[in-house]
C-alpha cells in the first residue's frame, strides 16, 4: 500500500474504532441515526472549513465521520475504511469529484455517493453521468446540513 498523505486527513483519529460510540453523541441523535443503514461517512472537499463543519455536524448526529482534503487521499482511505457514504465536492484541484466518485464506485459498489457543487454547469455533467448508470446524488452549494442528514437517512 502506498504511503498516505496524513496531512491531508482532517478530523481523523486512527485509534478510534469504526464501531465505537462517539463521545458526546446524545441519545436522540443515536436513535435517529440507527434508523439509517449509513454509519460511516467520508467528507471530501478542498475547502477545510466546509469539510470540518460537515464532519462536526455528522459526528453530532451519531455518524462516524472523517474528512479528506483531496480526492487521492479519499480513494486511498476508502480502501481501508470502507465508508457507507461519501459526500464529495466536485470542483477540486488535481482530481475532481467526478473522478473520485467513479473510482470509489469501482472500489465500493454499495457506497452511496453524494456530489456537491456550487457551479451550475455541473448539473449537465451529473445528468450525463446518470445516463451512464452511475447513481450519484447531487446537491448544489450552499448546502443546508438538514438536507444532507435527511438524504443520508433515506439512503
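Read-outs: derived from the displayed coordinates by stated rules, not from any lab. These figures come from a predicted structure and were not determined experimentally. For neighbour counting, all protein chains shown are included, and Cβ atoms are generated from backbone atoms with ideal geometry for every residue, glycine included.
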Report summary line: To the nearest 0.05, the calculated FRET efficiency linking residue 155 and residue 99 through their beta-carbon distance, R0 being 25 Å, is 0.70
Query raised in the report: Where a ≥ b ≥ c are the square roots of the eigenvalues of the C-alpha gyration tensor, would you call the range 37-154 rounded, which needs a/c under 1.5, or, failing that, prolate if a/b is larger than b/c, or oblate?
Result: rounded
Report summary line: Here FRET efficiency (C-beta to C-beta, residue 140 to residue 80, R₀ 25 Å, nearest 0.05) is 0.25
Requested in this report: Would you mind computing, in nm to one decimal, how far apart the modelled labels at residue 48 and residue 107 are, each placed 7 Å from Cα along Cα→Cβ?
Outcome: 2.3
